[in-house]
Amino acid sequence: MSDASTGATLTLERDTPATLVPIGTAGVLRKGSEVRITQRLGSHITVVSDGCMYRIDGRHADALGLNDRPSEAMTAPTTREEAENAVIEQLATCYDPEIPVNIVELGLVYRCEVQRTDDSDIGWTVDIDMTLTAPGCGMGSILTQEVHDKLSRIPGIGQVNVELVWDPPWSLERMSDAAKLQAGLW
C-alpha cells in the first residue's frame, strides 16, 4: 500500500462506495475505474472519475491502494476550555470536498457551544450551527453527519446537535486569511 499524493491517477482495486459531489448522491465506483485524487484531507478522499467528482470515505482507502490514516486517540476533556478545544480540533478535520480548506477556516461554522450535559459534571453537550458555501449544495446532510460523528467520538461528549442554517448567507468574507491564501483568493 502507498500514500499517493494529490494529482495521482489510480485504478480502483474493488467496487467502492462514493458520494457524487456536489449533489450528494451515494453511489459506487466500479473496480478498474481510473480516478485522480484532487484532495486527501481529514478522513475523506476527493477524486475525479469520468469528469465527475466523488468523495470516498478514508476507510475505503485500500480500494485505491492507499493506507487509511488512523485517527488519533483522544482523552476526555475535564474543563469547558478543553472540551471546546477538542471540538474545534475535530471540526478542523472536516473538509469541504471541493475546496481544500477545513470547515472552520472556511467560515462554515457559525455557532459552537459546549455545555455540561447536566449538574453531575459528567459529559458535555455540543451545539453547532453551520452552513454551506451554496444553499443548493447537496452535501449538507453528508457534512452535518460527518461533524456529528466526529464530535461524538470525543470521549465525554454525550450529546451533539448539528443544525444547518442559511442566515446569514455564507460569503468569502467569512473565510480566514489563511483559507483565502490556501484557496488562491489572495
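Here are the numbers:
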read-out: Verdict on residue 71 being part of a loop (DSSP other than H, G, I, E, B), modelled with pLDDT under 95 and farther than 23 Å from residue 145 by Cα; value: no
read-out: Selected residue (only one of 59, 40, 69 is of a type in the set (D, E, K, R) and either touching an Asp or Glu at 6+ places or on another chain (Cβ under 7 Å) or over 22 Å from residue 92 (Cβ atoms) (or both)); value: 59
read-out: Check on residue 59, outside the structural domain of residue 103 (by TED's automatic domain parsing) and either closer than 14 Å to residue 97 by Cβ or assigned to a loop (DSSP other than H, G, I, E, B) (or both); value: no
read-out: Per-region count, region 75-108, residues hydrophobic (A, V, I, L, M, F, W, C), surrounded by 15 or more Cβ atoms within 10 Å (Cβ to Cβ) and either touching a helix residue (DSSP H, G or I) at 6+ places or on another chain (Cβ under 7 Å) or outside any loop (DSSP other than H, G, I, E, B) (or both); value: 9
read-out: Test: residue 111 is surrounded by fewer than 12 Cβ atoms within 10 Å (Cβ to Cβ) and modelled with pLDDT of 90 or more; value: yes
read-out: Residue match in region 139-151 (condition: over 20 Å from residue 42 (Cα atoms) and assigned by TED's automatic domain parsing to the domain that holds residue 177); value: no
read-out: Boolean, residue 8 is buried (at least 19 other Cβ atoms within 10 Å of the Cβ) and within 30 Å of residue 89 (Cα to Cα); value: no
read-out: Flag if residue 163 is over 13 Å from residue 103 (Cα atoms) and either assigned by TED's automatic domain parsing to the domain that holds residue 42 or not in a loop (DSSP other than H, G, I, E, B) (or both); value: yes
read-out: Looking only at region 138-160, and only at residues there that are in a helix (DSSP H, G or I) and without any contact (Cβ under 8 Å) to a residue 40 or more places away in the chain, the one that is surrounded by the fewest Cβ atoms within 10 Å (Cβ to Cβ); value: 145
read-out: Which listed residue, of 172, 164, is in contact with a helix residue (DSSP H, G or I) (Cβ under 6 Å, 6 or more places away or on another chain), of a type in the set (A, V, I, L, M) and closer than 27 Å to residue 25 by Cα; value: 164
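The values are calculated or read from the model by the stated rules, or taken from the named source; none is laboratory data. Note that the structure is predicted; figures quoted are calculated from it, not measured. Here the Cβ is made from the backbone with ideal geometry for all residues, glycine too, and neighbour counts use every protein chain on show.
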